[in-house]
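Below is one structure, written out as structure tokens; comments come after it.
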């Protein structure tokens with residue numbers, strides 16, 4: 001069988017069994033379909049608009065960290081798409097390269113022959129779902145060419161590196177990026193117990209937290225939402241919060257019953273990131289790749305990360321260490337939070353690296369013989385969660401900056417516009433009611449509207465009317 005016949009057999013197999021295979025990925029062990037996350041609703045609207053005759057958008061890219069649900073999302077979209085026989089196809093590039101060692105271009109050439117007409121002459125829409133496109137280095141130019149050839153093909157592709165997708169010059173001007181993040185607490189509850197969030201409550205809390213002009217205005221708005229917040233949390237056991245902090249941000253953990261098994265699966269996911277994704281993003285030799293886990297184990301215990309310190313720890317030159325952290329950011333494994341201040345300050349002082357999902361930090365504390373108890377490290381997990389929420393909200397706003405106060409006893413985060421003169425917001429993540437002092441210290445140096453103490457305490461405002469204690473019960477709903 002020649003290469004073309006192998007590809008044809010592969011595609012026929014995917015068309016034949018694709019529907020059943022992908023549909024099986026959209027239901028739980030109880031046979032009930034998984035509820036869909038908000039990102040699925042956004043893309044589903046793009047698909048329906050295209051079916052109704054709109055020509056744009058017709059190329060959607062879904063970047064995100066391994067394990068956050070990209071394949072499940074694409075399976076839900078594929079399974080719910082109603083169209084004529086043969087109008088849709090799903091291909092995992094990871095699988096295609098392992099089985100056939102072929103490119104997206106070769107696959108599309110054979111698929112074009114199979115549908116009996118050129119893409120330019122299509123009269124009815126076709127939907128092409130491509131999972132993990134980063135495994136083909138030519139994916140950008142290939143899909144750009146397909147996009148330019150016809151307006152009758154809708155492309156949905158996923159990838160484990162947002163930066164490599166977004167910076168590809170063949171993609172940037174044509175594609176709509178819809179990023180998928182680790183689960184929020186409300187998504188965690190939705191998938192675990194099928195509990196739906198209260199309509200508009202999250203957006204109202206978010207608007208109050210970040211758009212209020214004064215702390216008093218913020219306090220009054222949050223107070224007005226108190227009954228709705230209490231109603232949401234009714235019947236949710238507080239143990240769910242611990243589960244969420246430890247592993248609940250990763251969807252696959254919900255189907256596993258025992259923590260050791262969960263952390264083992266998280267470790268496997270991490271190994272795939274380090275051994276498959278990172279090598280594609282940099283010219284690292286095997287000796288360097290083998291040290292990545294040691295570096296992350298160290299980062300898991302750091303408050304801030306000094307490149308010089310890491311360089312001395314693992315015996316790599318500082319340029320290589322910097323390249324490693326840039327690659328880990330591209331895989332979405334880490335978020336970098338720069339110190340607040342001038343460019344010179346940001347170069348000289350250490351950045352803070354947060355895990356995009358606290359599950360990876362928790363894995364290091366639980367799977368590799370650490371004697372630390374959950375109480376010892378849960379504060380670090382909570383800071384990861386607050387960082388995750390802030391990145392989700394502000395990464396979509398072009399001129400917003402997220403930094404931290406690098407001075408001793410400074411705030412964990414500072415949110416503010418890079419161009420606007422409006423005051424910034426200082427944020428401290430604390431599982432106790434302590435932290436207002438850090439906020440006040442930061443607000444003495446940085447022009448802030450107010451400070452947010454995100455904590456386990458009740459809603460209150462301090463005597464200076466500048467510092468608000470925001471209970472977890474509010475913050476986790478945004």
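Would you please classify the overall shape of the range 3-180 from the alpha carbon gyration tensor, given that a ≥ b ≥ c denote the square roots of the eigenvalues, rounded means a/c under 1.5, and beyond that prolate means a/b larger than b/c while oblate covers the rest?
Verdict is rounded for the range 3-180.
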Please work out the C-alpha center-to-center distance from the range 89-113 to the range 37-83 and express it in whole Å. 20
So how far apart, in nm, are the two label points at residue 235 and residue 344 if each is 7 Å from Cα heading toward Cβ? 6.1
Using Cβ counts within 10 Å as a stand-in for footprinting exposure, how do 342, 293 rank, fewest first? 342, 293
Taking square-rooted eigenvalues a ≥ b ≥ c of the alpha carbon gyration tensor, is the chain rounded, prolate or oblate, where a/c under 1.5 means rounded and, failing that, a/b exceeding b/c means prolate? prolate
Rounded tilt (10° steps) of 215-224 against the dominant C-alpha axis of the chain: 60
Computed over the range 3-180: relative contact order in percent, which uses C-alpha pairs under 8 Å that are six or more apart: 32
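Peptides 245-257, 141-153: what's the order by average Cβ count within 10 Å, highest mean first?
Descending packing order for the listed peptides: 245-257, 141-153.
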Expected 222 nm ellipticity per residue - DSSP helices of 4 or more, -39500 (n - 2.57), all of the chain, to 500: -14000 deg cm²/dmol
Each label sits 7 Å from Cα toward the beta-carbon; between residue 227 and residue 195 the label points are separated, in nm, by 2.0
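What ranking do 305-317, 126-138 get when scored by the average of other Cβ atoms within 10 Å per residue, highest first?
Going from most to least packed, we get 126-138, 305-317.
How high is the FRET efficiency between residue 207 and residue 5 when r is their beta carbon distance and R₀ equals 60 Å, given to the nearest 0.05?
Working from the Cβ atoms, E equals 0.55.
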I'd like to compare 47-53, 76-82, 214-220, 452-458: which one has the highest average count of other Cβ atoms within 10 Å, and what's the full order after that? 452-458, 76-82, 214-220, 47-53
With an 8 Å Cα cut-off and a minimum separation of 6 or more residues, compute the relative contact order for the range 186-475 in percent. 16
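Computed from the coordinates by the stated procedures, all read-outs in this text should not be read as laboratory data. Computed from a predicted structure; not experimentally measured. Reconstructed Cβ throughout: ideal geometry from the backbone, glycine too, with neighbour counts over all protein chains shown.
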